[in-house]
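Engineer: I am attaching a structure below and will ask some questions about it afterwards.
Laboratory data are not the source of any read-out in this text; all were calculated from the coordinates shown. Not measured: the values here are computed from a predicted model. With ideal geometry, Cβ positions are generated from the backbone for all residues, glycine too; neighbour counts draw on all protein chains shown.
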Amino acid sequence: PDEAKVEIRRLYDEGMIPAAIARQTGLSYSSVYRITKLLDLGFRSDIAYRDSLARQRGFESRLEYEQSLAQARGFRSLNEGAIDTTNATTSED
C-alpha cells in the first residue's frame, strides 16, 4: 500500500487525473481519489486528516472523536458486537 501511495503521489504531481491513475495502477478510482483529495488538502495520510478533524471539532483525540461518531450512528461503542473482556474474571485454580 505504501508503494501505491508513492506512485499515486508521483503520477498526480505529474498532472495525471485520478481516473487515469486508477487505470494505470489498477487501484480503484475511489482509493485514488481519496488519496489525491488528501494531498490537495495538505495531508499525507488518512490518519493525519482524521486527527485534524478531531481537533477541529474539539475532541482530545481521534479515538474520542471516532467513539462519538459511532454513538451518534446508534452504536454503543466503536467495538459494539465484540466481546468485552475488560471486566472478565479468571479463576486461579
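Engineer: In whole Hz, with x marking every Gly and Pro, tabulate ³J(HN,Hα) for the range 16-32 from phi via Karplus 6.51 cos²θ - 1.76 cosθ + 1.60, θ = phi - 60°.
Structural biologist: 6, 7, x, 4, 5, 4, 4, 4, 5, 8, x, 8, 5, 4, 4, 5, 5
Engineer: Net charge near K37: determine it from the other residues with C-beta under 14 Å of the C-beta of K37, scoring Lys and Arg +1 and Asp and Glu -1.
Structural biologist: Counting the neighbours of K37, the net charge comes to +3.
Engineer: Here is a follow-up. With the dipole of the range 13-72 worked out from charges on the C-beta (+1 for Lys and Arg, -1 for Asp and Glu) around the Cα centre, which of S61, A48, Y33 lies farthest toward the positive end?
Structural biologist: Most positive-ward Cα: Y33.
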